[in-house]
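A.B. asks: Quick one: the structure is below, questions incoming.
Rule-based calculations on the coordinates, nothing more; no lab input. This is a predicted model, so every value here is computed, not measured. Here the Cβ positions follow ideal geometry from the backbone for every residue, glycine too, while neighbour counts run over all protein chains shown.
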Amino acid sequence: MSHPNPVPNETVIRQLHWRYATKKFDPTKRISDADWKTLEEALVLTPSSFGAQPWKFFVVDNPALKEKLVAASWGQRQVQDASHTTVFAIKRNMDVPFIERYIQRTAEVRGVAPGSLDKFKQVLVNFASKPGFDIDGWATNQVYIALGNFMTTAAMLGIDTCPMEGLVPAKYDEILGLDKLGYATIVACPAGYRAADDKYAVTPKVRFRHEDVVAHI
C-alpha cells in the first residue's frame, strides 16, 4: 500500500477543537450513507491488544428501541434524537471458540494454514484463562480504543458525537437482547448533527495547559 497523503495538521486540530460532547441533536438531520459507512469501517479498523477485537458494535436504528434506551439512559434524549446510536459491547468471557474464530480469520486474511498459528493461539488461550485475570475488564479497555477512534473519525467528517456512560448497562443488554448473544454493554455513542440551540456548542473547552498534561522526559 502506497503512503497516503496525510490530513493537514491544521485540519486535524481545527476539527478536534470543533467537536464536543453534543447534548442536543437535531432529529431532522441524518448522516449520509457514505459517511456512515466510513464510520462503521473506522470501527472495524480499530486496533486492539493481540488484534483480538473482543467486541461488537450494535447500531440501533429502530425508533421504538431507541425510545426504550432513553429510559435506560437516565432520560438523556441524545440516544433517540441523534441520527444513529451505536452501543459498544464487549464479548463476555472471551473463550476458546472465540479465539479459534479469530485464528481462522487470521489464516484466511493472510493466506496461511491455521496450524501455522498454533503458537499464537496458545498465547491467546493462556492469556484469556490466566487465573485471577479480569478478561472482561481487559476487553472493556479495548472498547474505549474503538470509542475514541469512532469519535475522532466523526470529527474529521464534521459529524457530532456524544459518548455516554450515563446509562444502565444491564437494561441496555435486556432491551437489545445482548445478554443472550454473549455480549455486554459498556458505553453508547449517539452520532448526528448538533441542534442550532445547543448552548454547549459554543461553550469554550476547558483543558489544562499543554505543559500540565504533556511532559517530555
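A.B. asks: Treating the angle as unsigned and between 0 and 90°, give the value, to the nearest 10°, between the Cα long axis of helix 118-128 and the longest Cα principal axis of the chain.
C.D. replies: So the inclination is approximately 60 degrees.
A.B. asks: Using the Cα gyration tensor of the stretch 116-217, with a ≥ b ≥ c the square roots of its eigenvalues, what is the shape: rounded (a/c below 1.5), prolate (a/b larger than b/c) or oblate (neither)?
C.D. replies: Because a/c hits 1.5 or more and a/b fails to exceed b/c, the stretch 116-217 counts as oblate.
A.B. asks: Kirkwood Rh over Cα pairs of the stretch 120-167 into Stokes-Einstein at 25 °C, 0.890 mPa s: D in µm²/s?
C.D. replies: 187 µm²/s
A.B. asks: Then there is this: At each listed q (0.08, 0.12, 0.13 Å⁻¹), what is the log10 of I(q)/I(0) that the Debye formula gives for the chain modelled as equal alpha-carbon point scatterers?
C.D. replies: -0.35, -0.76, -0.88
A.B. asks: Related question: Ranked from highest to lowest mean number of other Cβ atoms within 10 Å per residue, what is the order of the peptides 203-215, 98-110, 48-60?
C.D. replies: 48-60, 98-110, 203-215
A.B. asks: Next question, about the same structure. Helix 96-110 sits at what angle to the longest principal axis of the chain, using alpha carbons and giving 0 to 90 degrees rounded to 10?
C.D. replies: Helix 96-110 sits roughly 80 degrees off the main axis of the chain.
A.B. asks: With θ set to phi - 60° and the Karplus curve 6.51 cos²θ - 1.76 cosθ + 1.60, what are the ³J(HN,Hα) couplings of the stretch 74-88 in order, to the nearest whole Hz, using x for Gly and Pro?
C.D. replies: 6, x, 6, 7, 4, 5, 8, 7, 5, 4, 9, 10, 10, 9, 8
A.B. asks: Under 16 Å from the Cα of Lys180, which lysines turn up, not counting those fewer than eight places away in the same chain?
C.D. replies: Lys180 reaches Lys56, Lys91, Lys171.
A.B. asks: Please list, ordered by chain and number, the residues whose modelled amide H lies under 5 Å from the amide H of Ala195; skip anything fewer than 5 residues away on the same chain.
C.D. replies: So Ala195 has HN proximity to Lys24, Phe25, Asp26.
A.B. asks: Run the reach check for Lys199 against lysines, Cα to Cα strictly under 23 Å, same-chain hits fewer than 8 apart removed. What comes back?
C.D. replies: The reachable lysines, counting only those whose Cα sits under 23 Å from Lys199, are Lys23, Lys24, Lys29.
A.B. asks: Can you list the HN-Hα couplings for the stretch 49-62, worked out from phi with the Karplus curve (6.51, -1.76, 1.60; θ = phi - 60°), rounded to whole Hz and with x for Gly and Pro?
C.D. replies: 4, 6, x, 6, 6, x, 8, 8, 10, 9, 8, 9, 9, 5
A.B. asks: Could you go through the stretch 144-152 in sequence order and give the Karplus-derived ³J(HN,Hα) for each residue, using 6.51 cos²θ - 1.76 cosθ + 1.60 with θ = phi - 60°, rounded to whole Hz, and x for Gly and Pro?
C.D. replies: Ordered by residue, 3J(HN,Hα) equals 5, 5, 5, 4, x, 4, 4, 5, 5 Hz.
A.B. asks: Okay, next question. Within a Cβ distance under 13 Å of Gln78, other residues only, what is the Lys/Arg minus Asp/Glu net charge?
C.D. replies: -1
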